[in-house]
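What follows draws every value from the coordinates through simple rules; no lab data is involved. Source: prediction; values computed, not measured. Every residue, glycine as well, gets a Cβ built from its backbone with ideal geometry; the counts of neighbours run over all protein chains shown.
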Amino acid sequence: MKKRLWLIGLTIVLAMALAACAAPAADAPADDNAAADTEAAGSEDATAEPFRVAIVMPSTITDLAWSQSMYDGLVAVQSEMGGEGAMEIAYSENMFNVADAAAAIRDYAADGYDLVMAHGTQYGNSMFEVATDFPETSFAWGTAIDTGADEGYENVFAYEANAQEGGYVNGVIAAMINQSGVIGVVGPVEAGDAKLYIDGFVAGVKATNPDIDVNISYTGNFGDTALAAEAANTHIKAGADVLTGSAQQVVGAVGVAKEAGVPWLGTQSAQTSLAPDLVIANQLYDWTGTINDMISKINAGELGGTAYVLTLADGGLVVEFNDGYATPDDVKAAAEEAVQGIIDGSITVEME
């Protein structure tokens, strides 16, 4: 009986010892606090609001020209920031009617977007009216350099491209490819970066071969592909064996160039897919630096006041050759020389 009691007592002692070993250490609460802090931090990250950007544009996000150049830039920045959870993009396409665009700009501002972009000079007046009513919202428009600072605006950014720079380079390329002595240009409206590009293109052609005739036609419309096709046909009938042009209308012009086997030089966005064997090179607009800087400023409390300009020197403009077109080495060399000359200032693009 005593032996049995002794065994029971020993069992109880061992059980108590095991329980003591399993008990948390004295500093265990600190580990619990750390876990709680980690959980709270994760919760904070999960509930962080994304930066919200809205853009109103005159054409589509796949126009291979003006609108796509900016949309592609926004998507690239979104990816850099970590995706849709970090940056939200909303857009309104084909805003031909300025009144409709104005309503969209106001709706985006009222909906609390951090940055509302009016991607077209035709929207400028409407954007400034809305910016007056939403002083805590940032706005941006292009192509322009007016931030409204003289009128007291502090929440407007502006942006444009020195399109004449890549235009000049494309002009050099066109002049060296040309054999007929005639080059055709299909322009939209004689304003903004379209005119800058065309003036620069003409300057590049004339600097390379002043005897070449450069025939220019402005359709008076940014998006009428039928008018652009008609203009391209007219240029080809007049003897042009190289074509270029600007704005979303060029889809029609490139189609005609492809049918006729006439080389094309693009601008704003890559147009190679329209005629993979005939697009020689494209001047590309890279807006990512502009977008990143605007977001950085807005997050720091600076809602506007900066005007941005894309250039060859800052990498905002890039002349990219199409590997599918057999561009002669001397043409590439001349283009690269022109790019470097513009960057270092030894070449000045003369504008009309």
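Here are the numbers for the structure shown:
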| quantity | calculated |
| --- | --- |
| Residues whose placed amide H lies under 5 Å from that of Ala90, excluding near-sequence neighbours | Val53, Ala54, Ile55 |
| Of Ser69, Ser126, Ser273, the one that fluctuates the most in a GNM where the chain has Cα springs shorter than 10 Å | Ser273 |
| Likely footprinting exposure, Val169, Val319, fewest C-beta neighbours within 10 Å first | Val319, Val169 |
| Gyration tensor verdict on segment 208-282 (Cα atoms; rounded if a/c is under 1.5, prolate if a/b is larger than b/c, oblate otherwise) | rounded |
| Assigned charges on the beta-carbon of Lys, Arg, Asp, Glu; the chain dipole about Cα centre (debye) | 1320 debye |
| Among (1) 230; (2) 196; (3) 212, the entry derived from the coordinates for volume of the Cα convex hull per residue in Å³ | (1) |
| 10 Å binning of all Cα-Cα separations within segment 204-352, expressed as whole percents from 0 upward | 10, 32, 35, 17, 6, 1 |
| Degrees between helix 225-237 axis and first principal axis of the chain (Cα, 0 to 90, nearest 10) | 40 degrees |
| Over segment 291-345, equivalent-ellipsoid semi-axes from the Cα gyration tensor in Å | 35, 14, 6 |
| Helix 250-260 axis, angle to the chain major axis (alpha carbon atoms, nearest 10°) | 60 degrees |
| Kirkwood hydrodynamic radius of segment 91-211, from inverse mean 1/r over distinct Cα pairs, in Å | 16.3 Å |
| Prolate/oblate/rounded call for segment 49-134, Cα gyration tensor, a/c under 1.5 rounded | oblate |
| Among Gly73, Gly152, Gly261: highest mean-square fluctuation, GNM of the chain, C-alpha pairs under 10 Å | Gly152 |
| Nonlocal amide H pairs with Ala144, under 5 Å, H built at 1.01 Å | Tyr159, Glu160 |
| Nonlocal amide H pairs with Leu312, under 5 Å, H built at 1.01 Å | Leu317 |
| Within-14-Å neighbourhood charge of Ala109 [Cβ basis; K, R +1; D, E -1] | -4 |
| Degrees separating the helix 66-81 axis from the principal Cα axis of the chain, which is the longest one | 20 degrees |
